[in-house]
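K.L.:
The structure's right below; bear with me while I get my questions together.
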Amino acid sequence: MMTLPRGVQGRLEVQPRWPARQVALAPEAWLRLQQAAACLPDSIGLILTRGYEAPSARLGLARRIFRYAGMGVFRTVYPARRAEVADIFGANGHDVDGHHVDVSIRWQGRRLRLLPLGVFTSSSWQARRVSRFQPVVQQVQQALQQQGFLLHRNATEALQIHCDLQLTAT
């Protein structure tokens, strides 16, 4: 497991999601993210925001508290989207190992905010943002998939670009 502080390292920017100060991930995931970033044009960059989070750490406890509060609010605001709660608020492997990461996109020097209200961004607003930036999002998703990352099946999680490195048996 490697731990990366905030900053630019190679073709990747590391910008931990609050309240974290660093991002931990498996060396193989870091290498594959670097390779995915190298496949992208200079106008598109990747920002690593989240990796492994030990469930027993204080950060893990904070995330669990925020998760439970968020679930309650989400269920209230979007009662028709209750089936998505587990996907959106679950740990999604971040508490298992360093092969589960979240990345964001920097395009033409600016960070793309595909979920301006985080997971509380409405589905219709998500659709508008995706259609506006579709070519950029598609390039990033393809670069990640070519390096062995599997995008999350939930649309909101996929826009957070939550992806899991699929390790192949040798």
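K.L.:
Going through segment 110-133 one residue at a time, which ones are out of contact with any helix residue (DSSP H, G or I) (no Cβ under 8 Å at 6 or more places or on another chain) and open to solvent by 50 Å² or more (accessible area, probe 1.4 Å)?
P.N.:
Residues satisfying the conditions are R110, R111, S124, W125, A127, R128, S131, R132.
K.L.:
Sticking with this one: Where residues in segment 11-66 are of a type in the set (G, A, S) and assigned to a helix (DSSP H, G or I), which of them is modelled with the lowest pLDDT?
P.N.:
G60
K.L.:
Taking segment 118-159 as the search range and keeping residues that are aliphatic (A, V, I, L, M) and over 15 Å from the mean Cα position of the chain (by Cα), which one is farthest from Q15 (Cα to Cα)?
P.N.:
So the residue we want is A127.
K.L.:
Inside segment 1-10, can you point out the residues that are assigned to a strand (DSSP E or B) and on the phi < 0 side of the Ramachandran plot?
P.N.:
Scanning segment 1-10 gives M2, T3, L4, P5, V8, Q9.
K.L.:
Taking only pairs six or more apart or across chains, which ones have beta-carbon atoms under 9 Å, a first residue in segment 29-46 that is under 18 Å from Q166 (Cβ atoms) and among the basic types (K, R), and a second residue that is surrounded by 15 or more Cβ atoms within 10 Å (Cβ to Cβ) and modelled with pLDDT of 95 or more?
P.N.:
Within 9 Å, the pairs are R32/L144; R32/Q147; R32/G148; R32/F149; R32/L165.
K.L.:
Please verify whether segment 26-49 includes one or more residues that are open to solvent by 50 Å² or more (accessible area, probe 1.4 Å) and farther than 21 Å from Q146 by Cα.
P.N.:
No.
Each row is one residue, and each column tells you yes or no for (1) within 26 Å of Q139 (Cβ to Cβ); (2) open to solvent by less than 60 Å² (accessible area, probe 1.4 Å); (3) touching a Pro at 6+ places or on another chain (Cβ under 6 Å).
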{"site": "R63", "(1), (2), (3)": "no, yes, no"}
{"site": "F66", "(1), (2), (3)": "no, no, no"}
{"site": "G70", "(1), (2), (3)": "no, yes, no"}
{"site": "R81", "(1), (2), (3)": "no, yes, no"}
{"site": "H94", "(1), (2), (3)": "yes, yes, no"}
{"site": "H99", "(1), (2), (3)": "yes, yes, no"}
{"site": "I105", "(1), (2), (3)": "yes, yes, no"}
{"site": "Q108", "(1), (2), (3)": "yes, no, no"}
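K.L.:
Now a separate question. Would you pick out the residues in segment 1-28 that are more than 24 Å from R113 (Cβ to Cβ) and hydrophobic (A, V, I, L, M, F, W, C)?
P.N.:
M1, M2, A24, A26
The values are calculated or read from the model by the stated rules, or taken from the named source; none is laboratory data. In this text the structure is predicted, and so the values were computed from the model without any measurement. Methodologically, a virtual Cβ is constructed for each residue, glycine included, from the backbone with ideal geometry; neighbour enumeration extends over all protein chains shown. Side chains are part of the model used for accessible areas, which takes the heavy atoms of the whole protein and leaves out ligands, DNA and RNA. Shrake-Rupley method; radii C 1.70, N 1.55, O 1.52, S 1.80 Å.
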